[in-house]
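Peer 1: Take a look at this one; I'll ask things after.
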Amino acid sequence: MSFHTSIFGRIVSIRQFRHASRVLRNSPGFALTSILTLALGIGITSAIFSVVYGVLLKPTPYALPEHLCLLWKSVPKKNLDRDWTSYPTYQDWKRNARSFNDLAAFLRPDGSIVNLTGTDNVEQIQSTKVSGNFFTVLGTPAVLGRTFTASEIDRDPNLAVVSNEFWRQHFSSAKDVVGRDLEIDGVSFEVIGVMPADFAFPAKESQAWSQAKDTQMWLPINSDSRWAAFQKVRLADAFGVVARLRENTTTDQAQAEMSAIAGQLSREHPDTDRYLGVHVVPLAIYLVGSRVRLTLALFMGAVMVVLLIACANVAGLFVSRTFARRQSVAIQIALGAGRADILAQALAEAIQLSLLAGATGLGLAALGVKALIVAAPSNLPGLEDVRLNGYVVLFTLVVSLLSGALSALGPAWKFSKANPQDALHEKGESNRRSNRMHSSLVFIECTLAIVLLSATGLLLRSAIRLQSVDLGFRPDHLVLENIVLHGDKYDDAHIRSFVDEAIHRVGALPGVKSAAIGSVFLGRLPNSQLEVEGIEGATSTIDDEPATWTYVSESFFETMEIPLLRGRQFTSADGPTATPVVIVSQGMARRLWPGRNPIGRRFKYSAPGSVANNWLTVVGVAGDTVRNGPETRPISVIYFPVRQKVWDVLALMVRTQSDPVATEAAIDDQIHQIDRTLPRIDPSTVEQQLRDLESQRRFQIELFTLFSFLAVVLAAVGMYAVMTYAMGQRTREIGIRMALGARRGDVLLMMLRQALVPVGLGLLAGLAIALAISRTFAGLLYGVTSTDPLTYVSVCLLLLAIAAIAAYIPARHATRVDPLVALRYE
């Protein structure tokens, strides 16, 4: 019989388990401490795994999702790799690509918002308008009814497929929903199907715009009032494309083909497609971005560090316990027991401990999952699927058994090699072996703890740097309400009238300091082109850096408290018949007219290939702003006066003197007194939206801080226990030294130096590992390098201080023992 088979045979014997149970019952303190220590590590590991499974590993509702990709227009010279494309370009891709079975188009979500009309309260709905083959490409059938096809919507575009949530909320989960009508923007649509509960493509978490919501219904793309223009205008970049790879075709092969097609299109359409590329993104990366994947991987690494420290602590308990039983073990060996027998008995104890710890850890994991769901940011994809399930239970079982085995087998293996003659005496090789093992465990704990502390320190330093970022405006006491003016009644004149009345009504509310039309959050960076007029009347085209734009009213800069550095504000005279004027950001002025006064300069703003009819005259320069959270950089912004260039999507900004939350309802009421047919969109404070943008980073820091705290506490407890035991073993030596005249202080320093040697070695090893892996999460840092010396020095000093305290207390206690008592010890 082989060695491993022999062990297995002994483990599964009832006799071994019964003996292990008796041993553990006779050592309740050891058993309880080991179970609770392992349960803590197992519990948090299983809780984080439940998040990883729900976000990354849970099956998606799409057929063969590994074959699905998203195709984006890219502009390499502007560092834009995920831009929307036009419908004619989508048709070119579909006609020329051979790497895909099929391609489907969907209108960008912020262009697919519709109003559910026909009731007393108009409701704004996030739809997605899609091509007829959309559901075929994704391979997801309806759970009720059916989905539409390309030939069907050509005959009748007024069809709707609704989400499972919409079906439950608006139809009370009625089984006869198929065939019912919905009035959408005043037009009747027939409901033909209901999608599965987990189907939400494109989901809000995968969108880059701040007001993204989950899709509630899918409508044919040709039901849109702009459909005729979308089919012809190559500059209408408003579409995303999802594609299904052919079998045995890789993403890299598809990327190479699409790059070649982009080059061909740039030659065929040089006015619009020059310098454009195509970015092929696997569906998995689109749904859960690389940053989230890296964060979850770091979370799993962090909890594994905590679990390993817990295992080291329990291993230390096993070392102490095995050393205390060394004479019993020696007698077993002397009577003929082999190493396999010793290991089998240790493993039987470990299995029982690990199963009890696993059961306790599973209970802690259940509580941890609930806490994670509460603490996790709402934009974490798959959050609704985070729960304990069979996979998590199986993972917990495996981790529990491995943890128990890892904790018990190492000490058992070492002591099974002991010389029975040494073990039968109070001193000898077994004593030295025990000390070496304890030192090794301290080394391991310090190494693991410093790795986790270093990562947490870098993230905390990044958070501190982010707090000091100057946004260029004051976000406090600022309320934002988005207004969508859909419908034929809102022509340019009516939009201007609505703007004037909204600003007047809201500005007159008690507690309101000022109100304006504008936007604090800027959307995507369009593929823009600037034609700048030179000093002598010559022009030059600049299209190497993106710029964005927004429409603002006269009081916008005052409301936002954005400084006007040069020139003037907009006035009521800047109307539709006046000279077209703009205010530009400081960075844009510096880029276009370096070292010169930009006031009075002129430029044209357009998309490549389009014709800009009007020269825009710069009348002011505003300070640079950071608009989409402190982690983003300032970009070039063009401010148009809302009286000259109107838009049916407005952002109302309100600066309050009192609590901004208390004014939200009053602001919304004033807007609906102007037009009661508008859908209600709850306003919110800008500070809250900025917190939402930073929610994932806060979640990272909170969890890493928690894990580091647990790791440090476990390491400190483990080091204290190990050093207390080690000092206790040296009581007789200490008594002899002091009896021979050694001073208490000198003995104390000697013991501290010896105790801190494995700590120092652990710090050095941990620093080497931390520096080696720091580049993997450099993308999560802001304003701090992954080799920041202040962080590493600080965490080393912190852990060294904790280790010194853990060593000093038992060392001081040992040196205070009376030498005569110490000499009689043992």
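Peer 1: Which members of segment 26-45 meet the condition of being outside any helix (DSSP H, G or I) and touching a residue at least 60 places away in the same chain (Cβ under 8 Å)? Before the answer, list the steps.
Peer 2: Initial filter on segment 26-45 (outside any helix (DSSP H, G or I)): 26-27.
Selection gives Ser27 alone.
Peer 1: Can you name the residue in segment 46-103 that is basic (Lys, Arg) and in a loop (DSSP other than H, G, I, E, B) and, of all such residues, is most open to solvent (accessible area, probe 1.4 Å)? Walk me through how you get there before you give the answer.
Peer 2: Within segment 46-103, the first condition is being basic (Lys, Arg), and the residues that meet it are 58, 73, 77-78, 82, 94-95, 98.
Subset that is in a loop (DSSP other than H, G, I, E, B): 58, 98.
Values: Lys58: 60, Arg98: 146 Å².
Among those residues, the one meeting the criterion is Arg98.
Peer 1: Is one or more of the residues making up segment 214-230 of a type in the set (Asp, Glu), within 26 Å of Ala651 (Cα to Cα) and either assigned to a helix (DSSP H, G or I) or modelled with pLDDT of 90 or more (or both)?
Peer 2: Of segment 214-230, the ones of a type in the set (Asp, Glu) are 214, 224.
Next, from what is left, pick out any that are within 26 Å of Ala651 (Cα to Cα): 214, 224.
Filter once more, so that each one left must be either assigned to a helix (DSSP H, G or I) or modelled with pLDDT of 90 or more (or both): 224.
Yes, segment 214-230 contains a residue that is of a type in the set (Asp, Glu), within 26 Å of Ala651 (Cα to Cα) and either assigned to a helix (DSSP H, G or I) or modelled with pLDDT of 90 or more (or both).
Peer 1: Still on this structure, I have one more. So, Gln644, is that one modelled with pLDDT of 85 or more and within 30 Å of Asn613 (Cα to Cα) or not?
Peer 2: Working: modelled with pLDDT of 85 or more: yes; within 30 Å of Asn613 (Cα to Cα): yes.
Criteria met by Gln644.
Peer 1: Among what's in segment 28-44 and is of a type in the set (A, V, I, L, M, F, W, C) and more than 32 Å from the chain's Cα centre (by Cα), pick the residue that is most open to solvent (accessible area, probe 1.4 Å).
Peer 2: From segment 28-44, those of a type in the set (A, V, I, L, M, F, W, C) are 30-32, 35-36, 38-40, 42, 44; that's our starting set.
Add one more test, that the residue is more than 32 Å from the chain's Cα centre (by Cα), and what stays is 30-32, 35.
Working: Phe30: 29, Ala31: 13, Leu32: 103, Ile35: 26 Å².
Looking at residues that are of a type in the set (A, V, I, L, M, F, W, C) and more than 32 Å from the chain's Cα centre (by Cα), I get Leu32.
Peer 1: Quick one: is Phe521 modelled with pLDDT under 85 and under 27 Å from Glu123 (Cβ atoms)?
Peer 2: Working: modelled with pLDDT under 85: yes; under 27 Å from Glu123 (Cβ atoms): yes.
Spelling it out, Phe521 is indeed modelled with pLDDT under 85 and under 27 Å from Glu123 (Cβ atoms).
Peer 1: Out of the residues in segment 267-289 meeting the condition of being of a type in the set (A, V, I, L, M) and assigned to a helix (DSSP H, G or I), tell me which one is least open to solvent (accessible area, probe 1.4 Å).
Peer 2: Leu283
Peer 1: Identify all residues within segment 365-383 that are surrounded by 19 or more Cβ atoms within 10 Å (Cβ to Cβ) and modelled with pLDDT of 85 or more; write none if there are none.
Peer 2: Residues satisfying the conditions are Ala365, Gly368, Val369, Leu372.
Peer 1: Right, next: Looking at Met750 and the list (1) modelled with pLDDT of 70 or more; (2) surrounded by 15 or more Cβ atoms within 10 Å (Cβ to Cβ); (3) within 26 Å of Ala310 (Cβ to Cβ), which single condition is not satisfied?
Peer 2: Condition (3) is where Met750 drops out.
Peer 1: Provide a single number: the residues in segment 585-605 that are more than 12 Å from Arg566 (Cα to Cα) and of a type in the set (Gly, Ala, Ser).
Peer 2: Final tally of qualifying residues: 2.
Peer 1: Okay, moving on. Residues of segment 689-720 being crowded, with 21+ Cβ neighbours inside 10 Å, polar (S, T, N, Q) and modelled with pLDDT under 90, which ones?
Peer 2: Within segment 689-720, Gln700 is the sole residue that qualifies.
Peer 1: Also, I was wondering about something else. Report yes if Ser34 is hydroxyl-bearing (Ser, Thr, Tyr), over 30 Å from Val288 (Cβ atoms) and modelled with pLDDT under 80, otherwise no. Walk me through it before giving the result.
Peer 2: Working: hydroxyl-bearing (Ser, Thr, Tyr): yes; over 30 Å from Val288 (Cβ atoms): yes; modelled with pLDDT under 80: no.
Here the answer is no, as Ser34 does not meet what is asked.
Peer 1: Could you tell me whether Leu453 is in contact with a strand residue (DSSP E or B) (Cβ under 8 Å, 6 or more places away or on another chain), buried (at least 19 other Cβ atoms within 10 Å of the Cβ) and at pLDDT 85 or above?
Peer 2: Working: in contact with a strand residue (DSSP E or B) (Cβ under 8 Å, 6 or more places away or on another chain): no; buried (at least 19 other Cβ atoms within 10 Å of the Cβ): yes; at pLDDT 85 or above: yes.
No: the conditions fail for Leu453.
Peer 1: Still on this structure, please answer the following. Could you identify the single residue in Ile773, Ile809 that is at pLDDT 85 or above and β-branched (Val, Ile, Thr)?
Peer 2: Details: Ile809 fails: at pLDDT 85 or above.
Within the list Ile773, Ile809, the selection yields Ile773.
Peer 1: Hey, can you tell me all the residues within segment 765-782 that are polar (S, T, N, Q) and open to solvent by 60 Å² or more (accessible area, probe 1.4 Å)?
Peer 2: Initially, segment 765-782 is screened for residues polar (S, T, N, Q), giving 774, 776.
Thr776, the sole residue that qualifies.
Peer 1: Could you tell me which numbered condition Ser462 fails, if it satisfies all but one of (1) over 38 Å from the mean Cα position of the chain (by Cα); (2) more than 21 Å from Ala665 (Cβ to Cβ); (3) small (Gly, Ala, Ser)?
Peer 2: With respect to (1) over 38 Å from the mean Cα position of the chain (by Cα); (2) more than 21 Å from Ala665 (Cβ to Cβ); (3) small (Gly, Ala, Ser), Ser462 is out only on (1).
Peer 1: List pairs: first in segment 154-183 and within 24 Å of Gly132 (Cα to Cα) and acidic (Asp, Glu), second open to solvent by 50 Å² or more (accessible area, probe 1.4 Å) and not in a strand (DSSP E or B), Cβ under 7 Å, 6+ apart or cross-chain?
Peer 2: Pairs that qualify, where the first residue is within 24 Å of Gly132 (Cα to Cα) and acidic (Asp, Glu) and the partner is open to solvent by 50 Å² or more (accessible area, probe 1.4 Å) and not in a strand (DSSP E or B), are Glu183/Gly118.
Peer 1: Taking the condition of being under 17 Å from Pro88 (Cα atoms) and among the aliphatic types (A, V, I, L, M), how many residues in segment 250-274 meet it?
Peer 2: Selection size over segment 250-274: 4.
Peer 1: Show the residue pairs meeting these rules: Cβ distance below 8 Å; 6+ apart or different chains; first residue within segment 672-685 and farther than 17 Å from Tyr490 by Cα; second residue assigned to a loop (DSSP other than H, G, I, E, B) and modelled with pLDDT of 80 or more.
Peer 2: Arg680/Val122
Peer 1: Then there is this: Name every residue in segment 783-819 that is closer than 29 Å to Arg293 by Cβ, surrounded by 17 or more Cβ atoms within 10 Å (Cβ to Cβ) and not aliphatic (A, V, I, L, M), in order of residue number.
Peer 2: Ser786, Asp788, Thr791, Tyr792
Peer 1: Hey, could you check segment 169-213 for residues that are among the basic types (Lys, Arg) and closer than 30 Å to Glu694 by Cβ and say which is modelled with the highest pLDDT? Before you say what the answer is, go through the steps one by one.
Peer 2: Taking segment 169-213 as the starting set, the residues that turn out to be among the basic types (Lys, Arg) are 175, 180, 204, 213.
Imposing the further condition that a residue be closer than 30 Å to Glu694 by Cβ reduces the set to 204, 213.
Working: Lys204: 62, Lys213: 71.
Looking at the filtered set, the residue picked out is Lys213.
Peer 1: In this structure, is Gln670 out of contact with any Pro (no Cβ under 9 Å at 6 or more places or on another chain), open to solvent by less than 20 Å² (accessible area, probe 1.4 Å) and polar (S, T, N, Q)?
Peer 2: On the way: out of contact with any Pro (no Cβ under 9 Å at 6 or more places or on another chain): yes; open to solvent by less than 20 Å² (accessible area, probe 1.4 Å): no; polar (S, T, N, Q): yes.
Here the answer is no, as Gln670 does not meet what is asked.
Peer 1: Given Ser403, Ser430, which one is at pLDDT 70 or above, crowded, with 19+ Cβ neighbours inside 10 Å, assigned to a helix (DSSP H, G or I) and polar (S, T, N, Q)?
Peer 2: Values: Ser430 fails: at pLDDT 70 or above.
Checking each option against the conditions leaves just Ser403.
Peer 1: Taking helices (runs of 4 or more DSSP H) that do not extend beyond segment 104-174, which have at least 3 residues that are under 32 Å from the mean Cα position of the chain (by Cα)? Break it down into steps so the answer makes sense when it comes.
Peer 2: Values: elements: 134-138, 150-155, 164-171.
The qualifying helices (runs of 4 or more DSSP H) are 134-138, 164-171.
Peer 1: Of all residues in segment 138-171, which are in contact with a Lys or Arg (Cβ under 9 Å, 6 or more places away or on another chain) and farther than 13 Å from Met195 by Cβ? Explain how you work it out, then say what you get.
Peer 2: Within segment 138-171, the first condition is being in contact with a Lys or Arg (Cβ under 9 Å, 6 or more places away or on another chain), and the residues that meet it are 138-139, 144, 161, 171.
Listed by number, the list holds a single entry, Phe171.
Peer 1: Can you give me the number of residues within segment 569-626 that are at positive phi and either among the hydroxyl-bearing types (Ser, Thr, Tyr) or over 41 Å from the mean Cα position of the chain (by Cα) (or both)? Outline the logic, then answer.
Peer 2: Taking segment 569-626 and keeping what is at positive phi, we get 595, 600, 609.
Pick out the ones that are also either among the hydroxyl-bearing types (Ser, Thr, Tyr) or over 41 Å from the mean Cα position of the chain (by Cα) (or both) and you get 595, 600.
Total meeting the criteria: 2.
Peer 1: Quick one: Arg244 ticks every box in (1) modelled with pLDDT of 90 or more; (2) open to solvent by less than 10 Å² (accessible area, probe 1.4 Å) bar one, so which box is it?
Peer 2: Result: Arg244 passes all but (2).
Peer 1: Restricting to segment 551-588, what's the tally of residues that are touching a helix residue (DSSP H, G or I) at 6+ places or on another chain (Cβ under 7 Å) and over 16 Å from Arg643 (Cα atoms)?
Peer 2: Final tally of qualifying residues: 2.
Peer 1: For segment 384-391, indicate whether the set of residues that are modelled with pLDDT of 85 or more and outside any loop (DSSP other than H, G, I, E, B) is non-empty.
Peer 2: Yes, segment 384-391 has at least one match.
Peer 1: Answer yes if at least one residue in segment 232-253 is within 30 Å of Ala142 (Cα to Cα), among the β-branched types (Val, Ile, Thr) and part of a helix (DSSP H, G or I), and no otherwise. Before the answer, list the steps.
Peer 2: The initial filter retains those residues of segment 232-253 that are within 30 Å of Ala142 (Cα to Cα), namely 237-251.
Restricting the remaining residues to those that are among the β-branched types (Val, Ile, Thr) gives 241-242, 249-251.
Adding the requirement that they be part of a helix (DSSP H, G or I) leaves 251.
For segment 232-253, residues within 30 Å of Ala142 (Cα to Cα), among the β-branched types (Val, Ile, Thr) and part of a helix (DSSP H, G or I): present.
Peer 1: Do you know which residues across segment 574-609 are out of contact with any Lys or Arg (no Cβ under 9 Å at 6 or more places or on another chain), exposed (fewer than 15 other Cβ atoms within 10 Å of the Cβ) and more than 20 Å from Pro634 (Cβ to Cβ)?
Peer 2: Thr577, Thr579, Arg596, Gly600
The values are calculated or read from the model by the stated rules, or taken from the named source; none is laboratory data. If you're wondering where the values come from, they're calculated on a predicted model, not measured in any experiment. Backbone-built Cβ (ideal geometry, glycine too); neighbour counts: all protein chains shown. SASA here: full protein model, heavy atoms, side chains in, ligands and nucleic acids out. Shrake-Rupley method; radii C 1.70, N 1.55, O 1.52, S 1.80 Å.
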